[in-house]
Structure formats: structure tokens, C-alpha cells
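Visitor: Mind looking over this structure? Questions follow.
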């Protein structure tokens, strides 16, 4: 049967039972949708978890009795005690800079969506010297009503430099776009004074970043600090990398869950396609037997049936892809943040192609196994079914 | 023509269908059913043969074995020079494609396809292009009086019209043999007579051998040969014409 005749019979066949064909395509597209969404989510979390590490000479002093460091508070006297201890042990030049930092996670209205972002209030020199921000556009904030935002925050909120943003009833001018070496964090930056003005002074600061000399080993200094009287058990000292690894770890835990979801979606789509194909063919065993009686060889029948299953699967995949893109754009906004961790979701060509390849493979498998099974049955039995 | 249920017959040199010692047994639950019990049969080319007998006498089983959609338990079948008893599935499919047309009681048309598409299926199975197959299908539909209905699907045709389409499909590839299992079983008596007349006319025009299994004894009037079956055996024959 040549390709034109093949296509004509194929379309006639699909059109004849249009309602059933459309229902099958709709059902399969839901499976494709769930697979593409689950794989996009797990890929997004995987990408966040696989960000490159960074070198830092910062030691981070936090309250030890809080799960979330943003709930804690570090007193000025404790910070001074820690700095003096390091200087006493390693010399007066061992501490390069100290940056008390007010830290909050805020839910900020960005367009029609609420986004969570980390807010850092720190002196301007602390932004560049300690947190090593890079200025991408505009300038660093200096005034009491000025903020800068990380590029991830810009992407999430769709902001423009020069825009006015409202926090807790206060208007801030967005003056700069910055990059933060610690990774993909949707963060806002303001001066320490602006932070005190916004959040009040009652809880002091939550984080004290102590930048030590490049010649010192941060791990050794951390161990020393933790043995200093007055630090433990009320405070904990972390390397800056560890603080962000804790966030990464939370993401990794979610990743494990999404991998399970991904595997389930994969199972649903592969066995769903296989099942849908096999059932359709089983329902039509009499027609298939009739084609054999008429003189069609099994190979030709198999090609026809696979062509039919391929067309249905392809349409379902395309529909599922369209729905997945729509869901990501409309419902998730392409990216989101969890405690400031910036996760960007997209359907990668690899996921799309692997989904397509898997569905086609299992459609073929469904056709092949069903026709093999029918080939072993007596034509008489199939015709009289 | 030769019939001999009880003794080994000689081969008829001009036989189109040549059957010797044909047995077919199958299991139905715990019971072993002997559908055919040593049938011998020779049919010459161009004959219009009618096979009658009560339900369960083995008529349909014999037709199925003759067109290679079932396998015999024992015995020999040679149709148009080809032995069927040990042929592979693929060989049997090619045999049906090239030499046999089959007409079912319930038409067995493909519902998704219109009359013309149904009729030309055997030509497409042979690898003919649509442009070559379609005119032959249209000519065949004209021959059975359905040219005006070629774009209609089976669901839009009456029982008699569907059976005419099935006849056209069975004949379009110019097979040597046309086998028909109760071709009038689902038709009213007037339509049944028309269909039988049509088949007889096509038998005379095309020279194809027709073998019909039926309960309808009226068909015997137009048959060149009449066989009667009972309990898996050919028990009687006559040559009405």
C-alpha cells in the first residue's frame, strides 16, 4: 500500500470514529501533559541543586536555637566578642570586614502574583566586600528608600529599574540590578539603616557576616570560634557556602519527591499509551482479521496500525505540550521562588523529545505485541468474536 | 467431480479443488468435536457448487479450510495447484490474496470505509496503486448494480446492498475461487434471490468457481453441482445442471 493510499485509509479510519479518536487523543494528551510538567519540575529543581559552589572567606554567625535563621537575632556584643576572639587568636588583620545583616523572607506582590524573596539590609560596603554582589545595571542603593534586586528577582517580578515598589506601605525606588555569587536567589538589597527603618530595631540583626583574611582557613577559624566561650550553645557559626547548601538541601528533598512524580508520570504515559493502543486493537480484532482474510500480510497491517497509533500519539503529544506550556506560563509564571530560591521551569527540548520518543516507542510496542498475540490466534476465532 | 466418503478415491486431473481424507477436530470445553471426518472432494474449474446440510454438519468448517483461514487436523487440500495443509500463515495470506474471494453471511465490511474503498481492499493488498484499483472497483460495483452507492459507508447501505459490496470485493481481484458462507442467510427472500442470481451471473461471466454453503435449498436450482453434508461427511451429490 503506497503512502497516499495509506494516509487516505488512515484518516478515513480516524474520522469514522471521530468521537472515540478525539477522546483517545485527549486522554493521551493528559498523560503527556503530566509527564512534561513533572519532568520540567524535576529538571528545574535538579538545575537549582547542581549550581556550582563558590569560594568565600565569610563566616556567618547565627542564632542556634531557631530553625529558620531569619527568626533569630545576634546581639552587637556577641558579634564584638566573636571578632575580638578571632583577632586575638590570628592577629589584628585577620578580620577584613564585619557586616551585620538584617535578613527577612518577604512575600511581595509582583504583578498579579505573590513571590517570596529574601531581603538583605546591609551597609553598602558589605554588599560588595562581604556578599560580593556584582552590579549588572543601575547603581547600589544608598538612600533610605532605595533598593537593588537580584536578576532572579527582576525575572520573577518583571520589574524595571526606576520603578517604585511598595513594601509594608513604604515606597522604595528600584535603583540597581545585581548578581549574587551564592546562586540563584531572588533577593532584595537595601542599606542597614533602610532595613532598620522598614523592620524596626527590636529584633536587631539576624546574621553577622565576618570576613576573615584570605590567608586564613575558614574551617579552622570556624572551629576556633565555636570553642570560644559565649558563642556556643546560643550561636552557631557557618561557612557562607553551608548556609546556601542548607537551602539547596531543602530543594534537593523536594527534588526527590519530584523524581518520584516524574517516574510515576513516565509510567503513566508509557503504560497508558501501550494500554490505549492495545485496547483499541483488541476491540478491532475482527476488522484486523478481515484484512488478513482479504490478503494483507501481517507486516502491512502492523504498519497501518502503527501509523494510526503514531498519528494519535503525535497529536496527543503536541496537545499535551501546548497545555503544559500554557500551564507553566499561566499558572506558574515560568519561574517561582521558595524561601528565595529561584526555580525556573521550562520544558526542555530533551524532555520533549524523550517524551515523544517514549510514547512512540510504547505505541509501537502496543501494536507489535497485540498483533503478535492476534497472529497466534485462529482467524476463525477472531472473525467470530 | 468425485465424492467418496468411504473409500480412497482417485485424483481427478482437472480438479480446481482437490481434497482427500480431510479431518478437522477441535475442543469445545471438555468435549472433542469432529467437525469433518474424512472428506474427499474434487471440484472442476468454473463450477457453481452448492453445499447444503444442517447446522453443525461441517459446511462452514470445510469452507474455512479451503480458503486457508483454518488448519486441518489431517488430510490433504490442494486448491488451484497449491497445497494448503502445511502452508505458513504468510503463504496462506498470499494464497487468499491471489486466488480466493470470500463472502461472509454478515458481510464483514469495514465500517470506516465506503463501498468503493471496501471493494478495492484485495487490490491494495496486492500492491496496486489507488488510481489503478479505483476504476476496477467502480467497474465491479457497476456489475453488482451499486455504482451510485460507491461513496456510501456500510452503515448507510441495506443488507442486500452490503452483500453486493461483499460480492464485489470477493471478485474484484479476479480470483479462481469464490467461497461464500450462507451468503443469503441474513437477507429477505427477494433480496436473497437477487443475490444468488447475481452470483450465478458472475460465475458465468468470470469463469470463477463458486462454492456456496447454505441452508437455502432454492439455490440448488441454479447450481451446477450440489453436495449435501451431515455429521462432518459428504453424504450425497447431484448435478442439477
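Bear in mind that the values in this text are calculations on the coordinates, not laboratory data. Quick caveat, the model's predicted, so the values are computed rather than measured. Note: ideal-geometry Cβ built from the backbone for every residue, glycine included; neighbour counts use all protein chains shown.
Visitor: For A:372, B:220, what's the fewest-to-most ordering of other Cβ within 10 Å of each Cβ?
Guide: Numbers: A:372 11, B:220 18.
Fewest-to-most Cβ neighbours within 10 Å comes out as A:372, B:220.
Visitor: Could you please state, rounded to a whole Å, how far the C-alpha centre of region A:142-187 is from the C-alpha centre of region B:159-211?
Guide: 84
Visitor: Note the direction-averaged projected area, equal to a quarter of the hull surface, for the Cα convex hull of region A:176-226, in nm². Present the calculation step by step, with values, prior to reporting the outcome.
Guide: Values: hull surface 22.8 nm².
Over every viewing direction, the Cα hull of region A:176-226 projects on average to 5.7 nm².
Visitor: Continuing with the same structure: Short version: what are the Cα gyration tensor semi-axes of region B:15-77, square root of 5 times each eigenvalue, largest first, in whole Å?
Guide: 22, 13, 9
Visitor: Moving on to the next point. Could you work out the pair-distance distribution P(r) of region A:138-286 from its alpha-carbon pairs, with 10 angstrom bin width and percents rounded to whole numbers?
Guide: 9, 21, 24, 20, 11, 7, 5, 3, 0
Visitor: For chain A, take the longest principal axis of its alpha carbons; what is the angle in degrees between that and the long axis of helix A:18-49, to the nearest 10 within 0 to 90?
Guide: Tilt relative to chain A: about 30 degrees.
Visitor: Here is a follow-up. Using the 2.2 N^0.38 Å rule of thumb for compact globular proteins, work out how the protein assembly as shown stacks up: its C-alpha Rg over that value, please.
Guide: Working: Rg = 41.4 Å, N = 626, 2.2 N^0.38 = 25.4 Å.
With N residues counted in the protein assembly as shown, Rg over 2.2 N^0.38 Å equals 1.63.
Visitor: Which part of region A:16-45 falls in the paramagnetic zone of residue A:264, meaning amide N under 17 Å from the point 7 Å along Cα-to-beta-carbon?
Guide: A:30-43, by backbone N distance to the label point.
Visitor: For region A:1-137, just say rounded, prolate or oblate: build the C-alpha gyration tensor, square-root its eigenvalues into a ≥ b ≥ c, call rounded for a/c under 1.5, and beyond that prolate if a/b exceeds b/c, oblate if not. Numbers along the way, then the final one.
Guide: Numbers: a/c = 4.28, a/b = 3.43, b/c = 1.25.
Prolate is the answer for region A:1-137, as a/c is 1.5 or above and a/b outweighs b/c.
Visitor: Taking only Cα atoms of region B:51-149, what ratio of Rg to Rh do you get with Rh as the Kirkwood inverse-distance radius?
Guide: Numbers: Rg = 16.0 Å, Rh = 15.5 Å.
Dividing the radius of gyration by the Kirkwood radius yields 1.03.
Visitor: How compact and how long is region B:144-221, expressed as Rg and Dmax of its alpha-carbon atoms in Å?
Guide: Over region B:144-221's Cα set, Rg and Dmax evaluate to 12.2, 35 Å.
Visitor: Translational diffusion coefficient, Stokes-Einstein: compute it for chain B using the Kirkwood radius over C-alpha pairs as Rh, at 20 °C and 1.002 mPa s, and state it as an integer in µm² s⁻¹. Mind dumping the intermediate values first?
Guide: Working: Rh = 18.2 Å.
My calculation gives 118 µm²/s for D.
Visitor: Can you pull the one-decimal nm distance between simple spin-label points at residue A:139 and residue A:354, each 7 Å off the Cα toward Cβ?
Guide: 4.8
Visitor: 7 Å from Cα along Cα→Cβ at both residue B:33 and residue B:90: what's the point-to-point distance in nm?
Guide: Reported label-point gap for residue B:33 and residue B:90 is 3.3 nm.
Visitor: Quick one: work out Rg over Rh on the C-alpha atoms of region A:58-215, Rh as Kirkwood radius. Kindly include the intermediate steps, with their values, before the conclusion.
Guide: Values: Rg = 15.9 Å, Rh = 16.2 Å.
Radius of gyration relative to Kirkwood radius: 0.99.
Visitor: Given the DSSP H assignment, sum -39500 (n - 2.57) over each helix run of at least 4 residues in the protein assembly as shown and divide by its residue total; what's the result at 222 nm in deg cm²/dmol, nearest 500? Numbers along the way, then the final one.
Guide: Values: 18 runs with 275 residues, N = 626.
Per the formula, -14500 deg cm²/dmol.
Visitor: Now a separate question. Specify the angular offset, from 0 to 90 degrees and rounded to the nearest 10, of the alpha carbon long axis of helix B:159-171 from the longest principal axis of the alpha carbons in chain B.
Guide: Roughly 70 degrees, rounded to the nearest 10.
Visitor: Return the FRET efficiency for the residue pair residue B:151, residue A:112: r is the Cβ-Cβ distance, R0 is 51 Å, and the value is rounded to the nearest 0.05. Mind showing how you got there, number by number?
Guide: On the way: r = 54 Å, r/R0 = 1.06.
E between residue B:151 and residue A:112, to the nearest 0.05, is 0.40.
Visitor: Just want to confirm a number: the relative contact order over chain A, from Cα pairs under 8 angstrom separated by 6+ residues, in percent. Please report the intermediate quantities before stating the final value.
Guide: Working: 623 pairs, mean separation 108.1, N = 385.
Once divided by the residue count of chain A, the mean separation gives 28 percent.
Visitor: If neighbour count is taken as other Cβ atoms inside 10 Å, put A:228, B:60 in order from fewest to most.
Guide: Details: A:228 17, B:60 20.
The order, fewest Cβ neighbours first, is A:228, B:60.
Visitor: Using only Cα atoms, find the angle between the long axis of helix A:349-376 and the longest principal axis of chain A, and express it within 0 to 90 degrees, rounded to the nearest 10.
Guide: So the helix axis and the longest Cα principal axis differ by about 30 degrees.
Visitor: Would you compute, for the Cα atoms of region B:97-151, the largest minus smallest coordinate along each principal axis and list the three values in descending order, in whole Å?
Guide: Taking max minus min along each principal axis of the Cα atoms, region B:97-151 gives 25, 23, 22 Å.
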